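The values are calculated or read from the model by the stated rules, or taken from the named source; none is laboratory data. Everything quoted here is computed from the prediction, not taken from an experiment. With ideal geometry, Cβ positions are generated from the backbone for all residues, glycine too; neighbour counts draw on all protein chains shown.
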Amino acid sequence: MARHYKKYAKRNKHKQRLKNKAAMQQSKLKFMLSQARKQVVNLSHRKLTDDEYLVLSRGLKFIPSPSVKRAKQDLLHDFDELARKMRCRYLYHGNLDEIHPFRVKSGHTPPLTCNTLENYLFNTKHELSSMQIRKFRNNLSLSQRSGISSLLNDESLIIKKADKSNNVVILDKVNYLLEGDRQLNTQHYTKLENFDLKALRCNINTYVKGMYTKGVIDYSTFNYLNNGIDNSCETFSKQRYSYISVISSSKDINTILWLEKLPNLKELMMPRQKKKKTTGKQTTAQKLDIKT
C-alpha cells in the first residue's frame, strides 16, 4: 500500500511540476508581450499578431540565426580574399608609399609566391574544405520567422525607428508619403519646374576638372571624384579642349605620367591652342596631343 502511495505521489508531483512550468512560461510570455506592445507603436491599419510584436520588439538591428546552406562556400570565399592579401603583403612589404585617402582599390591578384606561404595557404584551405558545419541554434521560432516574412512582403507598411526613443514605429506608406508632401509644400521649400540631372553632372565635372588643371587637387582625388560621371554631354561635344598647356607649364614628371593614364584627355577644361609647325624631334607635350 505504501509503495502504491509513493508511486501516485511521485506521479502527482511530476504533473504539478509540469503545470507550474507551463504557468511560468505563460506568465513570462504575457510579460514579454506587454513589454513588446510598449516598444512597438502601431499606427497602421494592420493588426499585428503576438509573434510580430515579439519580433519587432527585439529591434531593427536584431539578426536572426543564419542559414548553414552556403556557410562553407562563404568561408572559402573569405579565405581566398585573405590569401590574396597575404600574397600582396609578402610581395610589397618593403614599399613605404603613403596610402592616399581617395585611392581606388585595384583588387590586384598577385601570382604565386614562396613555397612556404603557398603550402600554408593550401593546407589551411584543405582543412577548411573538409570541416563539418554544425547547425546553429535557431533564435526565433517558426511562427516568428513567418511573421518576419509577412511583414517583409507587405508593401503597404513602412517600419522605422522612432526619432527620440528606441521604439519601432509602423506606418502606412500612403500616410507616410502624404505627410512628407505636406511638409514639403510649405514656404520653406520651393518646387522646381524641371530638374536636369545631366546638366548638373556636367557642371560638377567642369568644376572637378577645373580644380585639377589648377593644381588644387591631385590625380588620385580627381580620379575618385570623376568616377561614374557621365562625360558624354552635349556641352562638351560643342567645345574643343587641349591639355598641352597643362604639361608645358608643369615641370613635374608625375603630372605627365598622370595625364598619360588619364581617360578622355581631350575633355580637360582648357581651351585648345593652335598647333605650331615644328621640325625635328617632338616634345613630350606635342607627342601627347590628341586630334579632336
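Identification of helices (runs of 4 or more DSSP H) wholly contained in region 148-233 with 1 or more residues that are under 30 Å from I99 (Cα atoms) yields 197-213, 219-225.
Can you tell which of N153, N123 is over 29 Å from S44 (Cβ atoms), out of contact with any Ser or Thr (no Cβ under 9 Å at 6 or more places or on another chain) and of a type outside the set (D, E)? After applying the criteria, what remains is N123. Just one of the listed residues (Y53, Y90) is touching a helix residue (DSSP H, G or I) at 6+ places or on another chain (Cβ under 7 Å), of a type in the set (S, T, Y) and under 30 Å from Y224 (Cα atoms), and it is Y90. Output the residue which, of all residues in region 105-134 that are under 28 Å from the mean Cα position of the chain (by Cα) and loosely packed, with under 10 Cβ neighbours inside 10 Å, is modelled with the highest pLDDT. Once the filter is applied, the top-ranked residue is G107.
Please verify whether S57 is more than 30 Å from T116 (Cβ to Cβ), under 29 Å from the mean Cα position of the chain (by Cα), surrounded by 12 or more Cβ atoms within 10 Å (Cβ to Cβ) and among the polar types (S, T, N, Q), treating the condition exactly as stated. Here the answer is yes, as S57 does meet what is asked. Can you name the residue in region 63-83 that is part of a helix (DSSP H, G or I) and in contact with a Leu (Cβ under 7 Å, 6 or more places away or on another chain) and, of all such residues, is nearest to N139 (Cα to Cα)? Once the filter is applied, the top-ranked residue is L75. Quick one: is G107 of a type in the set (G, A, S), out of contact with any Phe, Trp or Tyr (no Cβ under 7 Å at 6 or more places or on another chain) and within 26 Å of D218 (Cβ to Cβ)? In short, yes.
This table checks each residue for (1) over 30 Å from K38 (Cα atoms); (2) aliphatic (A, V, I, L, M).
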position: S146; (1), (2): no, no
position: D163; (1), (2): no, no
position: I170; (1), (2): no, yes
position: Q183; (1), (2): no, no
position: C202; (1), (2): yes, no
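Looking across region 112-133, the residues that are without any contact (Cβ under 8 Å) to a residue 12 or more places away in the chain and not hydrophobic (A, V, I, L, M, F, W, C) come down to N115, T116, E118, N119, Y120, N123, H126, E127, S130, Q132.
Here L140 fulfils each of the conditions (1) in a loop (DSSP other than H, G, I, E, B); (2) loosely packed, with under 12 Cβ neighbours inside 10 Å apart from (2). Just one residue in the set L60, L96 is out of contact with any helix residue (DSSP H, G or I) (no Cβ under 6 Å at 6 or more places or on another chain), assigned to a loop (DSSP other than H, G, I, E, B), more than 24 Å from D163 (Cα to Cα) and among the hydrophobic types (A, V, I, L, M, F, W, C); that residue is L96. Screening R89, R46 for residues that are surrounded by 10 or more Cβ atoms within 10 Å (Cβ to Cβ), under 32 Å from the mean Cα position of the chain (by Cα) and closer than 30 Å to S165 by Cβ leaves exactly one candidate, R46.
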